[in-house]
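Novice: Below: one structure in structure tokens.
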Amino acid sequence: MIRLSILWTIFLIIGCQESKPIPTAEPVEDLRTRKDGSDWPPFLGPNNDGTSPEKGILTKWPKEGLEIVWEAEMGEGYAAPVTSQGRLFHFDRFKDMQRLTCRNAETGKLLWKYEYPTNYEDNYGYSPGPRACPVVDNERVYVYGPEGILACVAVKDGKEIWKIDTKKQYHFHQNFFGVGSVPIIEGDLLIVAIGGSPKGPAPEDLRKAEGNGTGLVAFDKKTGKEIWRSSNELASYSSPIIKNLNGKRVGLYFARGGLIGFDPQSGKERFAFPWRARILESVNASNPVVLGDKILLTECYGPGGVLLKIKEDKPEIIWSDEDKDRREKSLACHWNTPIEVNGYVYGSSGRHENDAELRCVSIKDGEVQWSQRNLSRCQLTLVDGHFLCWSERGELFLLKVNPEKFEKIAVWATDLEAPTWAAPVVSHGLVYLRGKDRLIAAKLIPKSK
């Protein structure tokens, strides 16, 4: 009887420990002094498409470039910053710690930092820092490290709310460059590309790896509790997006093997379209571009671009690069996501720096309208009828959106060290540019008088 009593007491203690409530985030003060403009809280901006709604940009730049408002030292990694409520969040690595920093977005003043230890090593000798930018959702900010640590942190003070080791919990094989897909918020869900495999050593040929039903996993964004899991696909370097398609809210993920269309609330797969290169060392990294009932996919290792029409959850090919010669392909983006404007899509096409071309392509038929070499692989951000074209060499070009010709308006050769692989972020009149070890905030839009 005494033994049973002791066991019952231990059970109660353990039960209480397991049911300990997870701390909730508190409302945070808005630090903005400049109310015009918009925040940039998720990957690729407010609409996850690389476009900014801000107006009034400077189109005549001084020879020395835009005015730098503040700058800060960065650690290792390739992730872009994000902004929310007057704060700028950046995720990078210092020595053996992955670090999320929160700064005043207008002054650069450090407000807090959150760290966790890491032993991630890149198999190909690239930076061991984060690839995926933070995601802000009101009082919470989420990070997803290259080793697979998924953490939720309070915006107010940087205190950890919950954390999951996804590699331990879901068992994925290390992808070529670690984890690099950015999660997305949908209502109360945080949807994450995980791409788990059955337990055991990774196959020598990653093409033979199998999934275990955790290609995508949705968590309760407040507690970290798993809500649903879906797909046997493996993870890629593209990120999930959620769009309205044929009158319905649809999740899209350009996974390792191709496109997945899914119900964001249940995870149920709605359609799939295989699209990947046959070679081992290839990745899908560009996000899908949604154009009404059509979806553009593009990659640079094999088949190139394809435009799909989605009818009754069935993808139909409108045009495809698959059977074209490498030099004849319409659009073969590496990691940049192309941007559509008025029936034309603009993106950096090419796998390597020396063969990359900035291109304008007609959506309806895939015809190349113009191409421009010698820009290296670049990232585009659309703002106020112009593109900010950020080359991997640290040059920022201002281009007029023009389907008829490449129209350069201004250029700024910054002193940021390459590689500069993160797309420009525009928020409340400032443009944020990330170099190898430094971040600068420059004035793109003058303050209203």
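Each value in this text was obtained by applying a stated rule to the coordinates, not by laboratory testing. This one's a predicted model, so the numbers in the text were calculated from it and none came from an experiment. In this analysis, Cβ positions are derived from the backbone assuming ideal geometry, glycine residues included, and neighbour counts consider all displayed protein chains.
Novice: With only alpha-carbon pairs counted, each pair once and no self-pairs, how large is the Kirkwood hydrodynamic radius of region 138-220 in angstroms? Spell out each step's value before the answer.
Specialist: Numbers: mean 1/r = 0.0732 Å⁻¹.
So the Kirkwood estimate lands at 13.7 Å.
Novice: So, R0 is 35 Å and r is the distance between the beta-carbons of Lys199 and Asp437; what FRET efficiency does that work out to, to 0.05?
Specialist: Computed FRET efficiency for Lys199 and Asp437 comes out at 0.40.
Novice: Let me ask another. I'd like to compare 287-298, 402-413, 158-169: which one has the highest average count of other Cβ atoms within 10 Å, and what's the full order after that?
Specialist: Highest-to-lowest ranking by the protection proxy: 287-298, 158-169, 402-413.
Novice: What FRET efficiency would be calculated for the residue pair Tyr116, Lys60, taking the C-beta separation as r and a Förster radius of 45 Å, to the nearest 0.05?
Specialist: 0.50
Novice: State, in angstrom, two size descriptors of region 191-304 derived from its alpha carbons: Rg to one decimal place and Dmax to the nearest whole number.
Specialist: Reported Rg and Dmax, both Å: 14.2, 43.
Novice: Which of rounded, prolate, oblate describes region 216-271, given a ≥ b ≥ c as roots of the alpha-carbon gyration tensor eigenvalues and a/c under 1.5 marking rounded, otherwise prolate only if a/b is larger than b/c?
Specialist: Cα axes put region 216-271 in the oblate bin.
Novice: Which three extents, in angstrom, do the Cα atoms of region 73-181 have along their principal axes, listed largest first?
Specialist: Largest first, region 73-181 extends 38, 27, 20 Å along its Cα principal axes.
Novice: Using 0.36 nm per residue, how much length does the chain from Asp30 to Ile318 gain when fully extended, once their Cα-Cα distance is taken away?
Specialist: On the way: separation 288, 0.36 × 288 = 103.68 nm, distance 4.64 nm.
So the chain would gain 99.0 nm between Asp30 and Ile318.
Novice: Using a basic spin-label model with each label point 7 Å from the Cα along Cα→Cβ, how many nm lie between Arg270 and Val341?
Specialist: Label at Arg270, label at Val341, 2.9 nm between them.
Novice: Right, next: So how far, in whole Å, is the C-alpha centre of region 227-262 from the one of region 336-407?
Specialist: After rounding, the separation between the Cα centres reads 25 Å.
Novice: May I ask for log10 I(q)/I(0) of region 80-126 at q = 0.25, 0.27, 0.28, 0.29 Å⁻¹, from a Debye sum over the Cα atoms as equal point scatterers with solvent left out?
Specialist: Cα-only, vacuum Debye calculation for region 80-126: -0.87, -0.95, -0.98, -1.02.
Novice: Obtain the nm distance between the two label points defined at Asn123 and Asn374 by a simple spin-label model: each point lies 7 Å from its Cα along the Cα-to-C-beta direction.
Specialist: Output for this residue pair reads 3.9 nm.
Novice: Over all distinct Cα pairs, what is the inverse of the mean 1/r for the chain, reported as the Kirkwood hydrodynamic radius in Å?
Specialist: By the Kirkwood definition, the hydrodynamic radius is 22.6 Å.
Novice: Could you pull out every one of the lysines with an alpha carbon less than 26 Å from that of Lys408, ignoring same-chain neighbours closer than 8 positions?
Specialist: Within reach: Lys55, Lys60, Lys63, Lys329, Lys364, Lys400, Lys436, Lys443, Lys447.
Novice: Based on the Cβ-Cβ distance of Lys168 and Lys225, what FRET efficiency does E = 1/(1 + (r/R0)^6) give at R0 = 22 Å, to the nearest 0.05? All intermediate terms of the calculation are to be shown ahead of the outcome.
Specialist: On the way: r = 17 Å, r/R0 = 0.75.
After rounding to 0.05, the efficiency reads 0.85.
Novice: Tell me, what ³J(HN,Hα) does each residue in region 98-106 have, in order and in whole Hz, if you take phi through Karplus 6.51 cos²θ - 1.76 cosθ + 1.60 with θ = phi - 60° and put x for Gly and Pro?
Specialist: Calculated HN-Hα couplings, in order: 7, 10, 9, 10, 10, 10, 5, 5, 8 Hz.
Novice: Using only alpha carbon positions, build the gyration tensor of region 258-371, then give the equivalent ellipsoid semi-axes as the square roots of 5 times its eigenvalues, largest first, whole angstrom.
Specialist: Ellipsoid semi-axes (Å, largest first): 23, 16, 12.
Novice: OK, next. Between Arg326 and Phe94, what length in nm is gained on full extension when 0.36 nm per residue of separation is reduced by their alpha carbon distance?
Specialist: Here the segment from Arg326 to Phe94 would lengthen by 79.5 nm.
Novice: Multiply the residue separation of Asp355 and Glu210 by 0.36 nm, subtract the distance between their alpha-carbon atoms, and state the gained length in nm to one decimal. Write out the running numbers ahead of the final one.
Specialist: Details: separation 145, 0.36 × 145 = 52.20 nm, distance 3.35 nm.
Length gained, Asp355 through Glu210: 48.9 nm.
Novice: Given axes a ≥ b ≥ c from the Cα gyration tensor, I'd like to know whether region 257-310 is rounded (a/c under 1.5), prolate (a/b larger than b/c) or oblate. Don't skip to the end; give the middle numbers.
Specialist: On the way: a/c = 2.43, a/b = 1.50, b/c = 1.62.
Oblate, since a/c reaches 1.5 and b/c is not below a/b.
Novice: Still on this model: Could you sort the peptides 59-70, 300-311 by per-residue average Cβ neighbour count (10 Å cutoff), highest mean leading? Walk me through the numbers before you get to the answer.
Specialist: Working: 59-70: 13.6, 300-311: 21.6.
Descending mean neighbour count gives 300-311, 59-70.
Novice: With a 10 Å cut-off between alpha carbons and a GNM built on the chain, which of Gly196, Gly125, Gly267 moves the most?
Specialist: In the Gaussian network model the winner is Gly125.
Novice: Fewest to most neighbouring Cβ within 10 Å: what's the order for Met74, Met97? Walk me through the numbers before you get to the answer.
Specialist: On the way: Met74 24, Met97 14.
Placing the least packed residue first, the sequence is Met97, Met74.
Novice: Now a separate question. Going Cα to Cα from Lys311, which aspartates and glutamates come in below 20 Å? Please leave out same-chain ones fewer than 8 positions away.
Specialist: Result set, ordered by chain and number: Asp263, Glu269, Asp293, Asp365.
Novice: Have a look at region 184-238 and give its Rg and Dmax from the Cα atoms, expressed in angstrom.
Specialist: Radius of gyration, then largest Cα-Cα span, for region 184-238: 12.6, 39 Å.
Novice: Based on Cα positions only, what radius of gyration and what Dmax would you give for region 349-414, in angstroms?
Specialist: When restricted to the Cα atoms of region 349-414, Rg and Dmax are 11.7, 37 Å.
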